[in-house]
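Just below is one structure, and these are the notes that go with it.
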Amino acid sequence: MKRSAVTRTTTVFVSAVLVGLVLSGCSAGSSTEAGSDSRAAMPAPGQVAGDAQVGVDGAASPDLTQQQVVTTGSLTVTADDPISTATDATRIVTEAGGRVDSRDETPGTSDQAAQATLTVRIPADDFDDVLAQLQALGTVNNLSVSAVDVTAQAADLDARVTALQASVDRLLGLMAASTTTADLLAAETSLSQRQAELDGLVAQRDALADQVDFSSVFVSFVAPGVVAPGVPTDFWGGVVAGWNALVAAASGLVVVVGVLVPWLLPLAVVAAVVVLLVRSGRRRAARRSQTPATSAGPDATMDR
């Protein structure tokens with residue numbers, strides 16, 4: 001009896017040990033497989049996981065605000081026929097999708113040379129191409145271009161417009177849900193103020209967007225010889241420049257004299273009349289001063 005009991009106890013103990021070894025081996029295997037799976041899922045150094053790679057490539061990344069730049073320029077070109085050249089410039093700008101905001105023409109006469117000025121708006125994407133075509137219309141005398149980054153200003157206007165639009169929408173909801181006249185009037189007053197502010201901001205944003213989309217360029221076409229030559233760099237150049245300055249000064253003096261001639265004759269007549277009046281007054285004063293002395297002469301003799 002005792003031996004059979006001991007045998008059963010030993011058998012149970014050995015079975016328990018074997019079961020434990022089997023279970024521990026299974027758990028170790030599963031842990032190893034899990035670890036290998038996790039290592040396989042981890043990206044290698046320098047790599048990005050599939051989902052994160054989408055963001056790096058830009059497909060899932062948020063849209064960043066594009067740079068907003070306002071470009072302005074000034075161009076002076078010498079052309080044989082400034083007015084006709086201005087017409088060609090207008091055609092170039094309009095064909096590129098731009099427009100002409102202002103145009104001023106001065107036909108050539110005997111006293112002045114022909115000249116034409118334009119204020120054109122060029123699409124920002126075609127600015128360089130159109131500017132090159134305008135320069136090719138003649139001889140470039142002066143060119144200046146400046147660019148101002150207004151990205152922060154544009155983003156601020158967009159944010160303020162969005163906030164005010166949300167406020168206007170909430171006020172419209174309050175007006176629809178108002179149950180008393182006082183609440184309705186208060187909502188209408190606030191709505192009027194917010195709507196006015198919103199309209200002003202929208203107008204500013206649209207104007208800024210127009211300046212960004214269309215670059216402004218002031219173009220001046222002049223006839224040959226209108227633009228002053230450069231500074232002389234040698235002796236004879238200085239002599240020529242001095243002679244030209246003397247001729248220009250003499251011509252200006254002749255013009256001034258010609259302007260004053262019509263005024264000289266009336267001024268001379270007025271001056272002559274003034275002189276005659278002054279002399280006549282002096283003569284009368286002299287005669288009056290001599291008359292009392294003459295009349296006092298006989299009285300003085302009688303007294304003696």
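The values are calculated or read from the model by the stated rules, or taken from the named source; none is laboratory data. This is a predicted model, so every value here is computed, not measured. Using ideal geometry, Cβ is built from the backbone for each residue, glycine included, and neighbour counts are taken over all protein chains shown.
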Worksheet entry | Pair list, Cβ under 8 Å, 6 or more apart: the stretch 108-123 residue within 16 Å of residue 83 (Cβ to Cβ), other residue modelled with pLDDT under 80 and of a type in the set (A, V, I, L, M) | 113/226; 115/226
Item to complete: Taking the options 169, 213, 183, 156, name whichever one is within 24 Å of residue 69 (Cβ to Cβ) and free of Cβ contacts under 8 Å to residues at least 12 places away in the same chain.
Response: 156
Worksheet item: Which one of these is touching a residue at least 12 places away in the same chain (Cβ under 8 Å) and not assigned by TED's automatic domain parsing to the domain that holds residue 206: 91, 103?
Response: 103
Item to complete: Select, from 280, 192, the only residue that is at pLDDT 75 or above, of a type outside the set (A, V, I, L, M, F, W, C) and more than 42 Å from the chain's Cα centre (by Cα).
Response: 280
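Okay, residues lined up against (1) at pLDDT 80 or above; (2) surrounded by 10 or more Cβ atoms within 10 Å (Cβ to Cβ); (3) at positive phi; (4) among the polar types (S, T, N, Q):
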{"site": "228", "(1), (2), (3), (4)": "no, no, no, no"}
{"site": "235", "(1), (2), (3), (4)": "no, no, no, no"}
{"site": "240", "(1), (2), (3), (4)": "no, yes, no, no"}
{"site": "245", "(1), (2), (3), (4)": "no, yes, no, no"}
{"site": "262", "(1), (2), (3), (4)": "yes, no, no, no"}
{"site": "275", "(1), (2), (3), (4)": "yes, yes, no, no"}
{"site": "289", "(1), (2), (3), (4)": "no, no, no, yes"}
{"site": "299", "(1), (2), (3), (4)": "no, no, no, no"}
{"site": "303", "(1), (2), (3), (4)": "no, no, no, no"}
Worksheet, complete the sentence: The strands (runs of 3 or more DSSP E) lying entirely within the stretch 79-162 that contain at least 2 residues which are in contact with a Leu (Cβ under 9 Å, 6 or more places away or on another chain) and among the β-branched types (Val, Ile, Thr) are 115-123, 139-149
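Any residue in the stretch 197-219 that is modelled with pLDDT of 75 or more and of a type in the set (Ser, Thr, Tyr)?
Within the stretch 197-219, the first condition is being modelled with pLDDT of 75 or more, and the residues that meet it are 197-219.
With of a type in the set (Ser, Thr, Tyr) added as a condition, the list becomes 215-216.
Yes.
Based on this model, can you work out whether residue 196 counts as touching a Ser or Thr at 6+ places or on another chain (Cβ under 8 Å) and of a type in the set (A, V, I, L, M)? Spell out the reasoning first.
Numbers: touching a Ser or Thr at 6+ places or on another chain (Cβ under 8 Å): no; of a type in the set (A, V, I, L, M): yes.
Spelling it out, it is not the case that residue 196 is touching a Ser or Thr at 6+ places or on another chain (Cβ under 8 Å) and of a type in the set (A, V, I, L, M).
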Discussion item. Taking the condition of being under 16 Å from the mean Cα position of the chain (by Cα) and either among the hydroxyl-bearing types (Ser, Thr, Tyr) or loosely packed, with under 13 Cβ neighbours inside 10 Å (or both), how many residues in the stretch 148-165 meet it?
Written reply: 4
